[in-house]
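A.B. asks: Please find one structure pasted underneath; my questions will follow.
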Amino acid sequence: MLASAFPLLLLGFSLGMRHATDADHVIAVATVVSRVRSLGVALLIGAMWGLGHTLTLMVIGGAILLFGLVVPPHVGLAMELAVALMLIGLGGYHLTRLYRAARRGGPPAHAAEHRHGHRHDLGWADRVFGASRVYVNLRPLLIGVVHGLAGSAAVALLVLTTVRDPRWGVGYIALFGVGTVAGMMLITGALAVPFAFTRARSSGMHNALAAVAAVLSVGFGLFLAYDISIGSGLFTANPQWTPG
């Protein structure tokens with residue numbers, strides 16, 4: 001039984017790694033990674049992001065497989081819209097940090113390193129909880145949870161067309177999640193290199209690169225929101241939604 005299901009499980013892991021390279025995932029992670037100082041932290045961010053994504057897949061995808069949960073088009077599109085709004089908010093937050101730091105004449109790239117003094121270029125959550133390891137780890141985890149909303153139904157429906165036994169379907173989703181974690185760790189590690197390089201050479205170059213990542217996040221989020229709301233008709237009586 002295990003031998004016959006092995007190709008399916010291997011497919012889940014492979015597709016999970018490929019799924020990590022989706023544009024919305026890479027853009028969101030690039031925006032977050034722009035603030036980190038080391039490769040180890042970047043890899044941890046990727047792992048936590050992938051874990052959050054997997055948690056959503058297991059909960060929603062598992063419910064579809066085990067209990068025959070049906071995702072209506074309005075709900076499916078709303079889950080995808082949540083990802084678009086998160087991208088807009090994430091990019092806007094980082095652009096605000098950069099703007100505030102530029103007005104003060106300080107480099108936001110190093111603002112989080114100061115333990116004392118005023119830190120007006122940081123958001124209120126960073127000022128209050130920035131020293132907490134739980135908060136630092138929870139942020140990419142929550143981003144991953146939101147991103148999992150857009151892909152969970154598609155992953156589960158793909159399994160339904162491939163395997164009849166829900167237990168193997170859940171195993172497929174689990175390995176898909178493991179592949180996503182591995183893929184996101186590779187991506188965050190690769191993205192951390194240019195940010196670390198520019199941070200060491202020039203704070204201006206680093207901040208410009210961070211601004212590009214933030215603008216891409218806002219722009220792509222707006223594009224997704226328009227496509228979901230207008231193109232797919234989320235707010236109409238007949239929405240067009242195909243999980244994918």
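A.B. asks: Evaluate region 198-217: report whether one residue or more is without any contact (Cβ under 8 Å) to a residue 40 or more places away in the chain and of a type in the set (Lys, Arg).
C.D. replies: yes
A.B. asks: If you don't mind, there's one more thing I want to ask. Looking only at region 82-96, which residues are buried (at least 21 other Cβ atoms within 10 Å of the Cβ) and within 14 Å of the chain's Cα centre (by Cα)?
C.D. replies: Once the filter is applied, which keeps residues that are buried (at least 21 other Cβ atoms within 10 Å of the Cβ) and within 14 Å of the chain's Cα centre (by Cα), region 82-96 yields Val83, Ala84, Met86, Leu87, Leu90, Gly91.
A.B. asks: Looking at region 195-215, which of its residues are of a type in the set (D, E, K, R) and touching a helix residue (DSSP H, G or I) at 6+ places or on another chain (Cβ under 6 Å)?
C.D. replies: Arg199 - this is the single residue of region 195-215 that is of a type in the set (D, E, K, R) and touching a helix residue (DSSP H, G or I) at 6+ places or on another chain (Cβ under 6 Å).
A.B. asks: Identify the residue in region 33-53 that is part of a helix (DSSP H, G or I) and either touching a Ser or Thr at 6+ places or on another chain (Cβ under 8 Å) or among the hydroxyl-bearing types (Ser, Thr, Tyr) (or both) and, among all such residues, is surrounded by the fewest Cβ atoms within 10 Å (Cβ to Cβ).
C.D. replies: Leu43
A.B. asks: Tell me yes or no: at least one residue of region 53-60 is in contact (Cβ under 8 Å) with a residue 12 or more places away in the chain, of a type outside the set (Gly, Ala, Ser) and within 30 Å of Asn207 (Cβ to Cβ). Write out each step before concluding.
C.D. replies: Step one: list which residues in region 53-60 are in contact (Cβ under 8 Å) with a residue 12 or more places away in the chain, which gives 53-60.
This time we only want the ones that are of a type outside the set (Gly, Ala, Ser), so: 53-60.
Retained after the next criterion (residues that are within 30 Å of Asn207 (Cβ to Cβ)): 53.
Checked against the condition, which is being in contact (Cβ under 8 Å) with a residue 12 or more places away in the chain, of a type outside the set (Gly, Ala, Ser) and within 30 Å of Asn207 (Cβ to Cβ), region 53-60 yields at least one hit.
A.B. asks: Is it the case that Val36 is of a type outside the set (Asp, Glu), within 22 Å of Gly189 (Cβ to Cβ) and at pLDDT below 85? Give the steps one after another, and end with the answer.
C.D. replies: Details: of a type outside the set (Asp, Glu): yes; within 22 Å of Gly189 (Cβ to Cβ): yes; at pLDDT below 85: yes.
Yes: the conditions hold for Val36.
A.B. asks: Let me ask another. Tell me, please, whether a residue that is surrounded by 14 or more Cβ atoms within 10 Å (Cβ to Cβ), modelled with pLDDT of 85 or more and within 30 Å of Arg201 (Cβ to Cβ) can be found in region 135-143.
C.D. replies: Yes, region 135-143 has at least one match.
Conditions tested, residue by residue: (1) part of a helix (DSSP H, G or I); (2) at pLDDT below 95; (3) within 24 Å of Gly92 (Cα to Cα); (4) not aliphatic (A, V, I, L, M).
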site	(1), (2), (3), (4)
Thr180	yes, yes, no, yes
Gly183	yes, yes, no, yes
Ala196	yes, yes, yes, no
Leu209	yes, yes, yes, no
Phe220	yes, no, yes, yes
Ile230	yes, yes, yes, no
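A.B. asks: Right, something else. Looking only at region 73-80, decide whether some residue is of a type outside the set (Asp, Glu), over 24 Å from Leu222 (Cα atoms) and either assigned to a helix (DSSP H, G or I) or at pLDDT 90 or above (or both).
C.D. replies: no
The values are calculated or read from the model by the stated rules, or taken from the named source; none is laboratory data. Keep in mind that what you see is a predicted model, and the values were worked out from it rather than measured. Positions of Cβ are backbone-derived with ideal geometry, glycine not excepted, and every protein chain shown enters the neighbour counts.
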